[in-house]
Amino acid sequence: MNKILVPIDFSENSINALSYAVELAKELESSITLFNTYPIDIPMGMEYSSGIYMQTLNAEIKYDREVRLQEIIEKYNTTVYSSNGEPIQFLKEIREGVAADSIANFSNEKNIDIIVMGTKGASGLEEVLLGSITVSVMEKTDIPVFVIPENSEFHGLNKIVFATNFSDNDTEVIDTLQTIGEYFNSEITCLHINTDPALTYADDMNLNMLKRNYFFTPVNQLNFQMLSDKKVEHGLEEYMKENEIDLMVVTPQERGFIENLFHKSVSKSLAYHSKIPVLIAKNKK
């Protein structure tokens, strides 16, 4: 977990996501790259302007973004890694282009380990997850994406919930969560929501098979639970209401799961949980 990427559009939500990323980096000993992307808006009537004009315009925009990103970085000039007291390494990258493509391409090129993105409340979370940016990034890269809601504050990762549906890559995700959990002394719960009584026995068997892979892991570090509900998203919401969760982890195998999880019909409940970050875990193709 050496490299964290934080897309910055200078909104309060993206700056808040950076604050969350800094707390992760302090423990994980990661560098943080502040990433900004911009389109070139050609003024009306200037479509056929000279290449020199466009180069000048591009340079001016990039310089302005460089200055603004550096001002943000300087606010963390006294922030250090917890283990060694060394200053956190901040980098910045500015590119012209479409946001989702630029984020995904840069992340893949530079072997980024984690992407941390900000969003605005429940409706904003729905918009980000169902809109072009985050969904496109997920489609173009296998890198885990932290979605940080508006005003969410980092209070550690004491309780992490992994919503498992018994996918082939579950052990890979759990192993990654355990690696993160070692830094934050996390309790990880692998939670399956059973929606069909006829499949209760099979789901229980699958959960026990998954559990056997971690037979020697203490239950206070990793435990397995199954709940019954008519809908997965409702079951997860109820669990979040009853437990103080710091991070919800999902591994969408198809877009439909994310659409159901953050559908408008549950936006009221999501508003209640607007401070809970969601990790869209690595999704093997």
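Could you tell me which of the pairs K26/K62; K140/K241; K26/K159 are separated by over 26 angstrom between their Cα atoms in the structure shown? Numbers along the way, then the final one.
Working: K26/K62 29 Å; K140/K241 33 Å; K26/K159 19 Å.
Over 26 Å Cα-Cα: K26/K62; K140/K241.
Averaging Cα coordinates gives a centre for the range 182-227 and one for the range 136-150; these two points are 24 Å apart. Taking the Cα centre of the range 148-232 as origin and charging only Cβ (+1 Lys, Arg; -1 Asp, Glu), how large is the dipole, in debye to the nearest 20? Once rounded to the nearest 20, the dipole reads 220 debye.
Every number here is computed from the coordinates shown, using simple stated rules; none is lab data. These numbers were taken from a predicted model, which means no experiment stands behind them. As a convention, Cβ positions derive from the backbone with ideal geometry for all residues, glycine included, and neighbour counts pool all protein chains shown.
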